[in-house]
Ligand SMILES: Cc1cc2nc3c(=O)[nH]c(=O)nc-3n(C[C@H](O)[C@H](O)[C@H](O)COP(=O)(O)OP(=O)(O)OC[C@H]3O[C@@H](n4cnc5c(N)ncnc54)[C@H](O)[C@@H]3O)c2cc1C
């Protein structure tokens, strides 16, 4: 590790715009080097903040003193494997998602793996999850429980991880292979003596709440750099559908858009994505056409709310029939032909998929300026999974509370699994109202059996919110990892408010 001398360096911040400080920085290039740095930090009592590509929206990678450890140099592809009627790609954890995906597509060999690579291509296998920020690293995606618009059909990032080489906070290494270490009624005991207790019930914040039957990999996923570091990751490849149709449908109001999106659920199976955006979100996208090239390539947006949907599969006739039926439904529900965009060519799909990404990007930059250009605040959003609450009810509660709060903002999210984000654009004197708003929605999500901070993690930005809902028993599961000394200065410890 070396001293951090420049306090303006990019490693002191992430996409949440939270700004921290580091005493030391390290950029290991192998698991061995990584373990050495972590062991040294442990012996010197330093907290360690792990950094992938720092595209996180919750400030999880932002250090507040101690060591900032970047995985940026751990970006090698390690190999392809075939087994159990499936294929697997092993890579170091700092490789960006786009590079891992590209590797499977570009015509280059891997020595003895060349035959496997050919079989992967012949069988149309690939890494299916599509979180929209493609510069994010595999390790960052795994550690923040990432998911893409298509997670209902192909699972989250961690569902598609079959193995992890993990460095514990004291520098010891463990190897987690899916199926080999599973929680029982009393918890989980690993061969190296590490014992993680079982905790009864369900934790509203942590996806890694250890219920019996849970795999060690799923326990480590979503741990946001608290329990150690992923050094290497093995991805399970899936058959990628031969054909995808993507379409954007615009309606005069959010209520009509929601009714249409709810009807689309009858195509579950072939419906791989279904995201709704309210009128304010579409307005922000339209204004963004002047700022983002991905949006400039699209026609002006109708003054409306939108539903973005993808259907995918291998049967072109069935897909075209479904698309035709959806267009008919759209027209029966009051939609106009000129208010639909649809395409199946890769460049068209990419263009339409950029709607979600652009919205995240625009919301993020707008919320930094407090929506007014006056205040420097972090991204403020309410990102919850609404569990068993009906999608209609969850959507309405998000919209109604936003309206009643008097704060500017917009709502969007996945209709298929009831995950909605409210991006808030408060003025400076609305900041405490924004916090209150987030508590109300998080409480409703938890009462519905869902989860708070479910999409981008707790990190440091959501620490204050999370404290309202934290179950102290969770600390018992984390203790064995570092004997009570948290690796990253997350909300259990003394990170600044
Ligand atoms: C415009 C935009 C669009 C986005 N779209 C999506 C989306 O569609 N879906 C989605 O899920 N997210 C999305 N995100 C959020 C972000 O991309 C994800 O949270 C991503 O997983 C972060 O990866 P990263 O490599 O940048 O990690 P970082 O931001 O560097 O770190 C994130 C967290 O993971 C920890 N961490 C990083 N690497 C490791 C490792 N190797 N081992 C252990 N812990 C580690 C860090 O300590 C931190 O707590 C978006 C962000 C932006 C800015």
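Bear in mind these aren't lab numbers, they're just calculated from the coordinates by the rules spelled out. Being a predicted model, the structure only gives us computed values, none of them experimental. Counting neighbours? That spans all protein chains shown, and the Cβs are built from the backbone with ideal geometry, glycine included.
Annotations for the structure displayed:
- Ellipticity at 222 nm from helices only: DSSP H runs of n ≥ 4 in the chain, each -39500 (n - 2.57), divided by the residue count, give -9500 deg cm²/dmol.
- For residue 333 and residue 239, a Förster radius of 30 Å and the Cβ-Cβ distance give a FRET efficiency of 0.35, rounded to the nearest 0.05.
- When each of 226, 17 is scored by the number of other beta-carbon atoms lying within 10 Å, the sequence from fewest to most is 17, 226.
- Nearest-0.05 FRET efficiency for residue 348 and residue 303, computed from C-beta distance (R0 35 Å): 0.95
- Label-to-label distance, residue 294 versus residue 44, with points set 7 angstrom from Cα along the beta-carbon direction: 3.9 nm.
- Net length gained if the chain between residue 135 and residue 417 were fully extended (0.36 nm per residue, minus Cα distance): 99.0 nm
- For the pair residue 287 and residue 182 in one chain, pulling the backbone fully straight at 0.36 nm per residue adds 32.9 nm over the alpha carbon distance.
- Full extension of the chain between residue 403 and residue 23 yields a length gain of 132.4 nm, computed as 0.36 nm times the residue separation minus the alpha carbon distance.
- Modelled spin labels at residue 316 and residue 175, positioned 7 Å past Cα toward Cβ, are 4.5 nm from each other.
- Near-label residues of region 42-81 by backbone N, under 15 Å of a point 7 Å along Cα→Cβ of residue 106: 75-78
- Ascending count of other beta-carbon atoms within 10 Å, so fewest first, for 340, 55: 340, 55
- Nearest-0.05 FRET efficiency for residue 5 and residue 82, computed from C-beta distance (R0 30 Å): 0.05
- Order of 234, 71, 137 under a 10 Å beta carbon neighbour criterion, fewest first: 234, 71, 137
- In this label model, residue 468 and residue 114 are separated by 6.0 nm, measuring between points 7 Å along each Cα→Cβ vector.
- Shape of region 144-266, Cα gyration tensor, a/c cut at 1.5: prolate
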